[in-house]
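Please treat every number below as a calculation from the coordinates, not as lab data. Remember, it's a predicted structure, so these values are computed and weren't measured experimentally. Here the Cβ is made from the backbone with ideal geometry for all residues, glycine too, and neighbour counts use every protein chain on show.
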Amino acid sequence: MTLEPGDLVGRRFGPEFVDGLAKLPTGAWSGPVRSAFGFHLVLVSEKRPAEQPALAEVRAIVARDYAVERRESANRELYKRLRAEYRIEIDEEALRAAVTGEPR
């Protein structure tokens, strides 16, 4: 397996698993280590301190994430303005009939 950042491993297996890995020696099978999926025997082959990537390495990702957030924010505002123009009434009897399949 390739080197993976702890936060990524934590998203996959849970923070308890990452905490367990941090306590293990390198170069030897160890365990069991608990994760969100159960218990595992693991081989930690290498540990490296976290590194801050250079902006050039993440520029495209940051630009994409920023564009997505701006688009989602604009959509939220649009839907908010559209909702303000309408009055919504719910026919409880019709809703109940649709959910239960019973006639009105």
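When only alpha carbons are used to place a centre, the stretch 20-53 and the stretch 64-84 end up 41 Å from one another.
Peptides 49-60, 18-29 ranked from most to least packed, by the mean per-residue count of other Cβ atoms within 10 Å: 18-29, 49-60.
The listed peptides 96-102, 82-88, ordered by packing as a protection proxy, come out as 96-102, 82-88 (highest mean of other Cβ atoms within 10 Å first). For V44, the residues whose amide H sits under 5 Å from its own are G27, A28, S30, ignoring neighbours fewer than 5 places away on the same chain, with H placed 1.01 Å from N. With θ taken as phi - 60° and the Karplus curve 6.51 cos²θ - 1.76 cosθ + 1.60 applied, the whole-hertz 3J(HN,Hα) list for the stretch 44-56 is 8, 8, 7, 10, 10, x, 5, 10, 8, x, 6, 4, 4 Hz, x standing for glycine and proline. Computed per residue of the chain from DSSP H runs no shorter than four, each worth -39500 (n - 2.57), the mean residue ellipticity at 222 nm is -17000 deg cm²/dmol. 3J(HN,Hα) along the stretch 22-39, derived from phi through the Karplus expression 6.51 cos²θ - 1.76 cosθ + 1.60 where θ = phi - 60°, amounts to 4, 8, 8, x, 8, x, 9, 5, 9, x, x, 10, 7, 9, 5, 9, x, 10 Hz, with x in place of Gly and Pro. A simple count of charges around V33, restricted to other residues whose Cβ falls under 10 Å of its Cβ and scoring Lys, Arg +1 and Asp, Glu -1, yields 0.
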